[in-house]
Amino acid sequence: MNDGENKPVTFAARGLFVDLALRARLNENCEAVECLKQGLASIIPAEAMSLFDWREVEDMINGVEGVDIELLRQHTKPSASFQTPEGAQLIEWFWKVLESFDASQREAFLRFVWGRSRLPRQQEFGEDFKIHLMDVQEGSADRKLPKADTCFFALHLPLYTNEEVLRTRLLFAVLHCADMDADFDPGAHARGRDQQEPRRDREGEGRRGGDGSDNSSEEEEEGDE
């Protein structure tokens with residue numbers, strides 16, 4: 001409507017106002033949607049897109065919502081160092097701990113080890129998850145936090161002495177490390193610090209490596225004060 005911003009909405013014109021408001025809302029994203037369609041069509045033939053609904057397209061592009069631990073387990077390769085009784089016990093604790101995580105904690109774990117919050121679909125799993133045993137000084141494992149190489153979808157675990165220590169250290173690392181999203185969001189580091197526990201100044205804090213490729217964690221020095 002020409003000069004619509006200067007025309008008062010009267011009771012008599014209410015029908016026209018509602019019709020124009022509805023039309024504007026329904027068409028406000030047409031230009032953006034058209035650009036999105038052109039972008040998708042440059043990669044996938046437009047005719048093929050009609051074979052899928054929006055949920056299937058989302059799963060193909062972003063992965064399946066929710067971290068399926070059993071699917072992850074099927075695509076995991078522990079290193080040979082876990083073939084000892086202690087190593088096998090650690091792997092067993094690891095899966096029990098991961099299964100106990102809630103949805104948000106599982107997503108945080110996946111971001112920590114892979115830089116993404118969703119797993120690909122079963123038929124599109126192109127890279128196995130790798131678990132390595134971290135080489136640490138004897139007797140210091142329980143003070144160490146895990147390390148992740150996001151570029152290689154790999155996790156390095158110290159040989160913890162019990163399941164509770166593993167859970168505490170792993171959960172601290174995945175929730176407190178500065179993840180890769182912080183590279184694009186200047187406020188991410190500050191928000192992460194605000195969410196940390198009151199004792200965070202005494203804890204080893206997860207961080208990304210200097211080469212930008214891994215999430216590593218410094219040693220915790222508890223009880224030395």
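Bin width 5 Å, alpha-carbon pairs only: give the P(r) of segment 69-130 as whole percents, running from 0 to the bin holding the largest distance.
The calculated distribution, bin by bin, is 4, 16, 25, 27, 18, 9, 2.
Mind checking the per residue accessible area of segment 1-144 for me, 1.4 Å probe, whole number of Å²?
Heavy-atom SASA per residue in segment 1-144 reads 69 Å².
Please tell me the relative contact order of segment 114-176 in percent, rounded to the nearest whole number, where contacts are Cα pairs under 8 Å and at least six residues apart.
34 percent
Can you pull the percent of segment 41-88's accessible area that's carbon plus sulfur, 1.4 Å probe, other chains left in place?
That fraction is 56 percent.
Give me the tail of P(r) for segment 8-80 as a percent: Cα-Cα pairs with distance above 19 Å.
64 percent
What percentage of all Cα-Cα pairs in segment 1-41 are separated by more than 17 Å?
Taking all Cα-Cα pairs of segment 1-41, the fraction more than 17 Å apart is 48 percent.
The values are calculated or read from the model by the stated rules, or taken from the named source; none is laboratory data. Note that the coordinates shown come from a computational prediction; the quantities given were computed from them, not determined experimentally. Only protein heavy atoms, including side chains, enter the accessible area calculation; ligands, DNA and RNA are left aside. Shrake-Rupley method; radii C 1.70, N 1.55, O 1.52, S 1.80 Å.
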